[in-house]
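The values are calculated or read from the model by the stated rules, or taken from the named source; none is laboratory data. Just so it is clear, the structure is predicted and the values come from calculations on it, not from any experiment. Positions of Cβ are backbone-derived with ideal geometry, glycine not excepted, and every protein chain shown enters the neighbour counts. When the accessible area is computed, the model is the full protein with side chains, heavy atoms only, and any ligands, DNA or RNA have been set aside. Shrake-Rupley method; radii C 1.70, N 1.55, O 1.52, S 1.80 Å.
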Amino acid sequence: MKRREFVVALGGALAWPFAARAQKAKPVIAVLGSGAADASSSILQISMLDAGLRELGLSEGQDYVLDGRWAGSDASRFPALAAELLANHPVAVVVSTNLAAIAVQNLSRTVAIVGTGLNAPVATGLAASLARPGGNITGVSTMAEDVLLKLFEFMRETLPDARRVMVMMNRTNPSNPLMLDLLKTHATKDALSVDAVSISAPADLDAAFAEMSRQPPGALFILTDNSLFALAEPIIARALAQRVPTFGNFSYPFARAGALIAYSRDPREAFQGVARLLKKLIDGANPGELPFEQPTKFNLFINLRTAKALGLEIPATLLATADEVIE
């Protein structure tokens, strides 16, 4: 299916309040998306959610109704969108970032929340523990802290002469300041300077890249945040225009957009876990008693086209371990 056709189909599947009202007899699965509906990351996530549920014998329209809203990478929209979704009485709300989970929790302590990839859910106060989350939340964690440190090692291996790194974060995401502190501590050991810019909405990109142009860094390092993932194309394009390589804890669409290196948990495994949790919730399980699942598979993507365009050489040892090399 062509991308345009898929987006049209996606819009039909997720415009949705009418479909949800017309089929109230079926359980409603709500999706509170971080990016725009037609962002590559959003399309990938909905596709994998559908595939995961189909593997369990659940088909949209026949076994459940999908109802969703998209924040367009603007976290301030989450509360209003969450309220719209909750009005349709879903069996669960699927979220892809901590901020979306918080928005739902602030409105309901009973409707189940399923995270497709939540950063540090215990440290940020979303869950009591991974084994027994408590409250109305469960899902899949990202192990982002461990993955980011590994990605940082890949960056140092690829850019041994870099002395300054710009970290792009979403400061309104409670997990991102924790990650920034972790990276700064790690960078100090390598005598690396770390500066940070915060993006909480697409309008913040202009100021961030203006600051980068005044003091060009050796690399742009994107912290784990689904709203930032949804902005992969404009972020990476603007970084490349300044000849700055980009690194991120994201999946294939991030590398395809031109990032030099993307390293993350395997999204297919993650959404299979989300689908299993949703099926249990449809069958009447208590979300607070469903343990958070953790990733066991990780993927490394390297974009050689970007490397060549920037005049960079990727170490042979790194290329040999990549799951996919884009040429």
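May I have the count of lysine pairs in the chain with C-alpha atoms under 17 Å apart, counting pairs 8 or more residues apart or located on different chains? Show your work: numbers first, answer last.
Working: Lys26/Lys279; Lys26/Lys280; Lys150/Lys184; Lys150/Lys189; Lys150/Lys297.
Count of close lysine pairs: 5.
State the three equivalent ellipsoid semi-axes of segment 55-199, derived from the C-alpha gyration tensor as the square roots of 5 times its eigenvalues, in descending order and whole Å.
Details: eigenvalues 235, 51, 45 Å².
Calculated on Cα positions only, the semi-axes equal 34, 16, 15 Å.
Please compute, over every Cα-Cα pair in segment 237-327, the percentage with a separation greater than 23 angstrom. List each step's numbers first, then the result.
Details: 1616 of 4095 pairs.
Roughly 39 percent, rounded to a whole number.
I need the per residue convex hull volume for segment 280-327, using only the alpha carbons, in cubic angstrom as a whole number.
Numbers: hull volume 6.4 nm³, N = 48.
Considering the Cα atoms of segment 280-327, their hull volume per residue is 133 Å³.
Among Val325, Asn303, Gly284, pick out the residue whose Cα is farthest towards the positive end of the charge dipole of segment 268-327, where Lys and Arg carry +1 and Asp and Glu carry -1 on C-beta, about the Cα centre.
About the Cα centre, the residue reaching furthest to the positive side is Gly284.
Rounded to the nearest 0.05, what FRET efficiency do Thr321 and Arg268 have when you use their Cβ-Cβ distance and R0 = 25 Å?
On the way: r = 19 Å, r/R0 = 0.77.
According to the calculation, E is roughly 0.80.
Treating segment 192-279 as a set of equal point scatterers at the Cα positions, no solvent, please give the Debye-formula log₁₀ I(q)/I(0) at q = 0.18, 0.24 Å⁻¹.
Here the Debye-derived log intensity ratios amount to -0.78, -1.24.
In square nanometres and to one decimal, what's the mean projected area of the convex hull around the Cα atoms of segment 134-181? Could you put the intermediate results ahead of the total?
Numbers: hull surface 18.7 nm².
It is 4.7 nm².
Provide the per-residue ³J(HN,Hα) series for segment 257-271, in order, calculated from phi with Karplus coefficients 6.51, -1.76, 1.60 and θ = phi - 60°, each as a whole number of Hz, with x at glycine and proline positions.
Karplus-based 3J(HN,Hα) across segment 257-271 equals 6, x, 4, 5, 9, 10, 9, 7, 4, 6, x, 5, 4, 4, 6 Hz.
Report in % the part of the accessible area of the chain that belongs to carbon and sulfur, leaving out ligands and nucleic acids; probe 1.4 Å. Can you show the working numbers first?
On the way: 7070 of 13340 Å².
Carbon plus sulfur share of accessible area: 53 percent.
Accessible area per residue, 1.4 Å probe, Å², for the chain: what's the number? Each step should come with its number before you reach the end.
On the way: 13340 Å² over 327 residues.
Per residue, the chain has 41 Å² of solvent-accessible surface.
Tell me, in nm to one decimal, what length is gained between Arg54 and His186 on full extension, where the rule is 0.36 nm per residue of separation less the Cα-Cα distance?
Numbers: separation 132, 0.36 × 132 = 47.52 nm, distance 4.19 nm.
Contour length minus Cα-Cα distance gives 43.3 nm.
If packing is taken as the mean number of other Cβ atoms within 10 Å per residue, what is the order of 188-200, 250-262, highest first? Each step should come with its number before you reach the end.
Details: 188-200: 15.3, 250-262: 24.7.
The most tightly packed comes first, giving 250-262, 188-200.
Is segment 15-129 best put as rounded, prolate or oblate by its Cα gyration tensor, with a ≥ b ≥ c the root eigenvalues, rounded for a/c under 1.5, and otherwise prolate when a/b is larger than b/c, oblate when not?
Values: a/c = 1.41, a/b = 1.35, b/c = 1.05.
Since a/c stays below 1.5, the shape of segment 15-129 is classed as rounded.
Using 0.36 nm times the number of residues separating Asp38 and Thr296, minus their current alpha carbon distance, what extension gain do you get? Spell out each step's value before the answer.
On the way: separation 258, 0.36 × 258 = 92.88 nm, distance 2.89 nm.
Extra length available between Asp38 and Thr296 comes to 90.0 nm.
Val122's amide H: which non-local residues (gap 5+, or another chain) put their own amide H closer than 5 Å, with H modeled 1.01 Å from N in plane and none for Pro or chain starts?
Amide H neighbours of Val122: Ala127.
Sort segment 138-245 into rounded, prolate or oblate with this rule: let a ≥ b ≥ c be the square roots of the eigenvalues of the Cα gyration tensor; rounded if a/c is under 1.5, and if a/c is not under 1.5, prolate when a/b is larger than b/c, oblate otherwise.
oblate
Using θ = phi - 60° and the Karplus relation 6.51 cos²θ - 1.76 cosθ + 1.60, list the HN-Hα couplings for segment 74-80 in order, rounded to whole Hz, with x at every Gly or Pro.
Result, rounded to whole Hz: 10, 4, 5, 8, 4, x, 5.
Could you state how much accessible area Ile102 has, in square angstrom rounded to the nearest 10, with a 1.4 Å probe and all protein chains kept in place?
Solvent-accessible area, nearest 10 Å²: 50 Å².
Determine ³J(HN,Hα), in whole Hz, for all residues of segment 208-225 in sequence, where each value follows from phi through the Karplus function 6.51 cos²θ - 1.76 cosθ + 1.60 and θ = phi - 60°; x replaces Gly and Pro.
So the J values, rounded to whole Hz, are 5, 6, 5, 5, 4, 5, 6, 9, x, x, x, 7, 10, 10, 9, 6, 6, 7.
Using 7 Å Cα-to-Cβ label points, what is the Gln242/Asn88 separation (nm, one decimal)?
Roughly 3.9 nm, to one decimal.
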